[in-house]
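Notes to accompany the following structure.
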Amino acid sequence: MTDSHATSGAESATADREIVITRVIAAPRALVFEAFTEVRHLSQWWGPHGFTTTTRAFEFREGGVWEFVMHGPDGTKYPEWISWTEIVPPERIAMLHGEHRDDPDAFESVLSFEERGESTEVRMLTVFPSRELRDAAIERHGAVEGGRQTLAELAAYVEGASRTPEAH
């Protein structure tokens with residue numbers, strides 16, 4: 001697994017506003033992609049270790065919205081809102097993610113899914129509106145570690161599902 005706070009400046013004009021997290025998951029790309037397409041999947045793995053979600057609305061399509069509450073292990077509730085901006089099965093998902101519709105601090109994320117033999121490399125690129133918002137997400141909210149844990153939860157879910165086909 002590789003990840004970084006930002007890519008090098010030579011790679012991106014937004015490098016100082018980015019978080020990039022990558023993980024290779026021992027499951028087929030179609031299955032890893034599918035884990036993002038339905039609430040029945042997302043509710044099993046979304047979020048860092050110990051978090052759960054309660055979905056209020058979900059429509060997986062370009063322009064569709066996922067409104068949900070993340071429940072932290074300490075009982076803290078985090079309102080979340082995602083609008084899917086691009087879906088290219090099974091290669092890419094782009095989204096706008098904030099606490100609510102019209103959130104001025106919402107950030108963009110792009111998930112890419114690359115076949116690596118019988119495994120899948122998931123790359124999560126997040127671009128914040130400003131460097132300050134990115135830094136706050138890292139320092140106050142543990143965004144890098146939270147992203148690592150979220151992809152670990154995804155890996156555990158789909159790797160288990162790939163061994164038991166009836167589970168998905």
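A few points about this structure:
- Sub-6 Å Cβ pairs linking a first residue in region 81-94 that is part of a loop (DSSP other than H, G, I, E, B) to a second residue that is open to solvent by 20 Å² or more (accessible area, probe 1.4 Å) and modelled with pLDDT of 95 or more, at least 6 apart or interchain, are Pro90/Arg29; Pro90/Ala30, ordered by first then second residue.
- Taken over region 131-141, residues that are out of contact with any Phe, Trp or Tyr (no Cβ under 8 Å at 6 or more places or on another chain) and open to solvent by 30 Å² or more (accessible area, probe 1.4 Å) amount to 7.
- Only one of the numbered conditions (1) of a type in the set (S, T, N, Q); (2) open to solvent by 50 Å² or more (accessible area, probe 1.4 Å); (3) touching a His at 6+ places or on another chain (Cβ under 8 Å) is violated by Thr53, and that is (2).
- Out of Val69, Val24, Val32, Val20, one residue alone is modelled with pLDDT of 95 or more, surrounded by 13 or more Cβ atoms within 10 Å (Cβ to Cβ) and not in a strand (DSSP E or B). It is Val32.
- Matching residues in region 101-121 - criterion: being exposed (fewer than 13 other Cβ atoms within 10 Å of the Cβ) and without any contact (Cβ under 8 Å) to a residue 24 or more places away in the chain: Asp102, Gly117
This table checks each residue for (1) over 12 Å from the mean Cα position of the chain (by Cα); (2) among the charged types (D, E, K, R); (3) farther than 30 Å from Pro28 by Cβ.
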{"site": "His100", "(1), (2), (3)": "yes, no, yes"}
{"site": "Asp105", "(1), (2), (3)": "yes, yes, yes"}
{"site": "Ser112", "(1), (2), (3)": "no, no, no"}
{"site": "Arg116", "(1), (2), (3)": "yes, yes, no"}
{"site": "Ala137", "(1), (2), (3)": "yes, no, yes"}
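- Residues of region 115-134 that turn out to be in a helix (DSSP H, G or I) and over 16 Å from Ile21 (Cβ atoms), as a count: 3
- Verdict on Glu153 being under 21 Å from Val20 (Cα atoms), touching a helix residue (DSSP H, G or I) at 6+ places or on another chain (Cβ under 9 Å) and surrounded by 14 or more Cβ atoms within 10 Å (Cβ to Cβ): yes
- Residue check for Gly50: farther than 19 Å from Ser112 by Cβ and at pLDDT below 95: no
The values are calculated or read from the model by the stated rules, or taken from the named source; none is laboratory data. Keep in mind that this is a model prediction, so the values were computed, not measured. For neighbour counting, all protein chains shown are included, and Cβ atoms are generated from backbone atoms with ideal geometry for every residue, glycine included. What goes into the accessible areas is simple: the full protein's heavy atoms, side chains included, and nothing from ligands, DNA or RNA. Shrake-Rupley method; radii C 1.70, N 1.55, O 1.52, S 1.80 Å.
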